[in-house]
Structure formats: structure tokens, C-alpha cells
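The values are calculated or read from the model by the stated rules, or taken from the named source; none is laboratory data. As the structure is a prediction and not an experimental result, all values here were calculated from the model. No Cβ is skipped: glycine too gets one built from the backbone with ideal geometry, and neighbour counts run over all protein chains shown.
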Amino acid sequence: MKLSRILSGAGSLLIFLMMLPNLSIGQHRFRMKADFSIKEKNQNGQMSLTMGTVYYDRTHKKLVYQVRFPEKETWVITDTIFHKIVNGKLVGKQFIPMLPSSTIFDYALSNNLGNFGLEKSFYKAGEVKKEGDQVITTWIPDERLKKAMGNVVISRKNNSLYGIAFYSPKNELLKKQLFKGMLKSGGILFPEEITEIIYPVSANGTQSGKSTKISTFKNLKVNENGENEIYNFPVPAK
């Protein structure tokens, strides 16, 4: 199982550790779920398909994936820890550089999707330019973080998020995402399709090859009652 499958639009870069959560008590839109499918092709050309339903609740700060295919299992992400649960038993636990409150799911619920939550992070808006029908903004990390984090470039089309690119401190392209279509439910917008291209960096710092992932979503539901046991899925001790 590849962790890159679960990071749909959320990314596995250090940026997610540096985001400031935008969680407020009494937030009107506090939970969402959607059916998902992820088609992935790694840098060796191997293909995979994962399908299921994803749940997110801002109150519990848990991102839960109920996977139906290729095998039934549950993935729970809480505070940078990925848990894999099969038949009620914890079979895997791993650190990942991602906070549930700093993902596309939280940004959509808090209406921060347009700038991918960057306006509430340690980034600040820099150059803004227009290319065709797109408005492109370069976001620059705080001066103290420039040795560890690179720029993020966001493009908006028709006043909606269209693409995002993450760069290393050496200005190497690490990852980019393209957003297609928008689902509407409960007053929020959420991408219908996310195409992600990752350019892996080897241990010696060189880049070679790329992996691609196409995540599609449907049946978006916001603030739906019930299924509390899934939104707040309990992680077994072992």
C-alpha cells in the first residue's frame, strides 16, 4: 500500500506541517464525506486503483478513509500519524507529514479553498500576474523558513482554484496539482477531479521520473447526520 494514494490534494510536503489550523468552535460547516476513486501510476509504470468513501470532521480532527477496493480496510489520519486498520485490528502505523486540519477537506469546509489555506499559514502572497484566463500568485515562505521550504504557485481560473505547484528551496518543482470541475453541497465547493504529479527526489538530492495520481470524487455530503462512529473512528491500541 502506497501512502501517496491517500494524500489526494493534500500532499505530503513539509508545507502541511507549517500550516496554521483554521478551526473555530461552532463552525457551521463542520463535516463532509464523498465517494472517491484513486488511479495511480508510479515512476516504474505500475498502476493501481483504490475506491471507497472519505470522511472528515473538523471537530474530531480525523481524516477517515473507508476503503472498499481492492480490499476492505480503514485508514485513519490523526495529527501526522497514519493508521491502517483491518478487521478491527491495527496492522500498520506510520508518521506522515500531514495534519487533517491542513488538507483540502478542511479548506473546503472553511471556505479557504481558493488559496489552498495559504493565507492562514507562514506564507505570504508575492508576485501576482495574469496569463490568459488565469491569475497566478506566487506565495513565499517566511524568511526564517526559506532554507527548508520553497515557493508555492497558485493559479485561479474564473475565480476558482485551478492549479497549484510546490517548489523546493532550490526552486525545483516537487509536485503540482490540477483541479477540474467542482461539486456543490451544503454551501461548499469541492474539486470533482484532482490530477497530481509528483517528482521524487532521491537520497542524493537528484530528481528522476515522476508518479501520477488522479483522484475523483462524487456524492458529496456536508453536515449529514449519522455515521458518527466513522467520522470519529476509534483507533485500536493494536
Please enumerate the residues belonging to region 113-124 that are closer than 17 Å to Lys157 by Cα and in a helix (DSSP H, G or I). Leu113, Gly114, Asn115
Among the numbered conditions (1) over 15 Å from the mean Cα position of the chain (by Cα); (2) within 17 Å of Leu118 (Cβ to Cβ); (3) touching a residue at least 12 places away in the same chain (Cβ under 8 Å), tell me where Lys170 comes up short. (2)
For the structure I just gave you, tell me whether Met182 is in contact with a Pro (Cβ under 7 Å, 6 or more places away or on another chain), farther than 25 Å from His83 by Cβ and buried (at least 19 other Cβ atoms within 10 Å of the Cβ). no
Which numbered condition Leu90 fails, given (1) surrounded by 21 or more Cβ atoms within 10 Å (Cβ to Cβ); (2) in contact with a Pro (Cβ under 6 Å, 6 or more places away or on another chain): (1)
Please specify each residue of region 105-139 satisfying the condition of being of a type in the set (Gly, Ala, Ser) and over 28 Å from Leu220 (Cα atoms). Ala125, Gly126, Gly132
Considering each of Asn112, Asn87 in turn, give the residue that is more than 25 Å from Met51 (Cβ to Cβ) and either at pLDDT 90 or above or under 15 Å from the mean Cα position of the chain (by Cα) (or both). Asn112
Can you name the residue in region 97-133 that is acidic (Asp, Glu) and out of contact with any helix residue (DSSP H, G or I) (no Cβ under 9 Å at 6 or more places or on another chain) and is also surrounded by the most Cβ atoms within 10 Å (Cβ to Cβ) among such residues? Glu119
Return the pair list, or none, for Cβ contacts closer than 8 Å from residues in region 95-112 that are part of a loop (DSSP other than H, G, I, E, B) to residues that are of a type in the set (Asp, Glu), at least 6 apart or on different chains. Leu99/Asp79; Asn112/Asp106; Asn112/Glu119
How about region 43-69: which of its residues are surrounded by 12 or more Cβ atoms within 10 Å (Cβ to Cβ) and free of Cβ contacts under 8 Å to residues at least 12 places away in the same chain? none
When you scan region 126-143, do you find a residue that is among the hydroxyl-bearing types (Ser, Thr, Tyr) and touching a Pro at 6+ places or on another chain (Cβ under 6 Å), even just one? no
Can you confirm whether region 14-29 contains a residue that is surrounded by fewer than 17 Cβ atoms within 10 Å (Cβ to Cβ) and modelled with pLDDT of 95 or more? no
